[in-house]
Amino acid sequence: MVAELTGHAAESGTDPHAEFGPPADFARQLAPAADGPADPEPGAQRWVWTADAYMDQDMMNRFGAQGWEIERVDKLGRFVSRRDERNSLRWEYRRNVVDRRKRSQHAASLAPDGWEPCGYWLYLAYYKRPLAVTVGPTATLAEPPERPARSVYFTRPLYGYLASVLACLAVVILLSTVFAPASGDSGLKHGLVVGMPVGAVVGMLVGVWLLRRQRQQMRRAARFPAPEPESTPTGIS
């Protein structure tokens, strides 16, 4: 990291203090304290928001371009972010599918390019780096925009998935609690006793297959650098 920053400053011909800011502040941004995120400086904003896996990477880069630095991902999968209004820097993010046992190894492989972990959620690993590493002084925001009014960003595919799950549960409840007792048909009851466990197993297998398929799609979807701040992701409801 030091070698890359030194080379960048030498190529640009600018003073490192003017390009990257005070050394102590820049060091805290690149290497936060090991005992957890530091307390925000006076005037810093805190914001907790969430997005589903269909849109989280786009939203992270969109807000990173507005100066929001993700400190961590909490237990609910929400992004805990901060922004210093007096010294706002743009950030870029990437997301990768990483097994729990390989997190340290994967983070070490990305460290030479300036990426550092900023949170994990299930099999997803999130990384951040200040945009100053690649673009220099243009990563500074003179006038950061207002904090977004919304804190929840879910897409239509997620709502469609939840609706299909609820529909299946409704059908099972109706068959087991309404139609079977009303019909008095022992054959129907026996069919439910056998059919519901079989359906549960088949549904579980289909769910595992869909999960593996989604992991492969997410593995291929890792992309960077950040999009322009003005871009508005589609499909958000």
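The values are calculated or read from the model by the stated rules, or taken from the named source; none is laboratory data. Predicted model only: the values in this text are computed from it and were never measured. With ideal geometry, Cβ positions are generated from the backbone for all residues, glycine too; neighbour counts draw on all protein chains shown. Accessible surface areas use protein heavy atoms only, side chains included; no ligands, DNA or RNA. Shrake-Rupley method; radii C 1.70, N 1.55, O 1.52, S 1.80 Å.
Listed conditions (1) surrounded by 10 or more Cβ atoms within 10 Å (Cβ to Cβ); (2) at pLDDT below 70 are all met by residue 186, apart from (1).
Residue count for segment 143-169, restricted to those that are modelled with pLDDT under 80, more than 21 Å from the chain's Cα centre (by Cα) and not polar (S, T, N, Q): 6. Residues in segment 107-147 that are among the acidic types (Asp, Glu) and over 22 Å from residue 86 (Cα atoms): 113, 116.
Quick one: in segment 121-159, which of the residues that are among the aromatic types (Phe, Trp, Tyr) and open to solvent by 70 Å² or more (accessible area, probe 1.4 Å) is nearest to residue 54 (Cα to Cα)? The selected residue is 159.
Of the helices (runs of 4 or more DSSP H) entirely within segment 1-117, those holding at least 3 residues that are open to solvent by 40 Å² or more (accessible area, probe 1.4 Å) and at pLDDT below 95 occupy 2-12, 16-20, 23-30, 103-110.
The single condition among (1) closer than 20 Å to residue 16 by Cβ; (2) out of contact with any His (no Cβ under 7 Å at 6 or more places or on another chain); (3) at pLDDT below 90 that residue 136 does not meet is (2).
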